[in-house]
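Input: a single structure, listed below in structure tokens.
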């Protein structure tokens, strides 16, 4: 018994057997009026062979993407393994993206209060150099030498703003990488001048001096306990 000859082509239609078609087996060939019974099977077999070729091409493309691409794209493999039939699809995707691809030492803000797997709060903690060997190899003692021998410190980002390292540009000249910097207002002054009669006991003047009816001084203190822009607080974490 011979098998149908399959060709990997997409057939535009499947032949419908008509009532007046003769019952003929053998190799299908409508043009030669041969093998009428096998014509639909031949067309379906050709479509199936074509689809198989396309699926194999797609599988190879995905394999090249996930296994032959940079490390960041290997995340696709990890996502596929982790998701399965996970009902919390969105949460799992975010978790996997957060814990994969980022190198040790990467710092990221998160909009939740618990660090994801593989991350630590940037709270200045002292960590064991052996237990967190990869992280230590990346940041060293830039944020603190711990006990000086077996531990090291991670950045403490609690209540802090980030500023790009000057690295020789001269805007923040002399800044050491990883160093902290206190708040500051650029040097300036506010002078008050006036002519005429003044209320010497007013609460909004101090350091008043002058001769006769012309005086000068400065305003009273105002504002809070720090200088800051508008901001939103998030949890900064570091990948280990």
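The values are calculated or read from the model by the stated rules, or taken from the named source; none is laboratory data. A quick note: this is a predicted structure, and the numbers were derived from the prediction, not measured. Cβ: placed from backbone, ideal geometry, glycine included. Neighbour counts: every protein chain shown.
Would you say residue 23 is modelled with pLDDT of 70 or more and surrounded by 11 or more Cβ atoms within 10 Å (Cβ to Cβ)?
Working: modelled with pLDDT of 70 or more: yes; surrounded by 11 or more Cβ atoms within 10 Å (Cβ to Cβ): no.
Criteria not met by residue 23.
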Subset tally (residues that are under 23 Å from the mean Cα position of the chain (by Cα) and in contact (Cβ under 8 Å) with a residue 12 or more places away in the chain) for segment 163-194: 3
